[in-house]
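Let me begin by presenting the structure, written as structure tokens, before commenting on it.
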Amino acid sequence: MPSETETAARVQGVLDIPLNRFLGMNLRDPADPAAGIWFPVGPSAQNQAAVLHGGVVTTLLDTACFLALLPQLSDDEHAVTHDLTVSLIRPVAAEARVDVIGSVLRRGRAVAFLRAEALVDGELVAAAQVTKSVVPLR
């Protein structure tokens, strides 16, 4: 389990990723980053049909999984994605709020298995199965 200082620095690092800022990503609960994220389907997150771009939701499903795993990583561990499968279930209209919640299915010594769901008004719009390798941080 990482220290509070290390956790705060890692969460801030995720928030400071330029792509996440560009997309308008926010923590659902700033006191509990593992609770997931949310973002608006603004112009930066839309495709040519003015609906949520599949690549955007894929990226943020992966991000929510990292945040869910973070409390289980030690100060000297990091996690990198090595497999990601996404199901895009229904289109999401412009200006909708998308909530993305990750969960840890199983954490092993070197591998973690995770799931994330993207919801609009409580309705599932996308889901992901994510496998992350746990690697040394430094």
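The values are calculated or read from the model by the stated rules, or taken from the named source; none is laboratory data. Everything quoted here is computed from the prediction, not taken from an experiment. Note that we place each Cβ from the backbone using ideal geometry, even for glycine, and neighbour counts take in every protein chain shown. Please note that ligands, DNA and RNA were not included when accessible areas were found on the heavy atoms of the full protein model with its side chains. Shrake-Rupley method; radii C 1.70, N 1.55, O 1.52, S 1.80 Å.
The alpha carbon centroids of the range 70-124 and the range 1-58 are separated by 11 Å. Here the 3J(HN,Hα) profile of the range 86-96, calculated from phi with Karplus coefficients 6.51, -1.76 and 1.60 at θ = phi - 60°, is 10, 10, 8, 8, 7, x, 10, 5, 4, 6, 5 Hz, Gly and Pro shown as x. Taking label points 7 Å from Cα along the Cα-to-Cβ direction, residue 95 and residue 48 give a separation of 2.4 nm. Judged by the gyration tensor of its Cα atoms, with axes a ≥ b ≥ c, the range 76-138 is prolate; a/c meets the 1.5 cut and a/b is the larger of a/b and b/c.
Structural descriptor for the chain: relative contact order 25 percent, calculated from alpha carbon pairs under 8 angstrom and at least 6 residues apart. Excluding ligands, DNA and RNA, the accessible surface per residue across the range 13-116 is 50 Å² with a 1.4 Å probe. For residue 53, the residues whose modelled amide H falls within less than 5 Å of its own, excluding neighbours fewer than 5 places apart on the same chain, are 46, 47. Between residue 29 and residue 129, full extension at 0.36 nm per residue minus the direct alpha carbon distance yields a gain of 33.7 nm. Per atom type, the chain shows carbon and sulfur on 55% of its accessible surface, probed at 1.4 Å.
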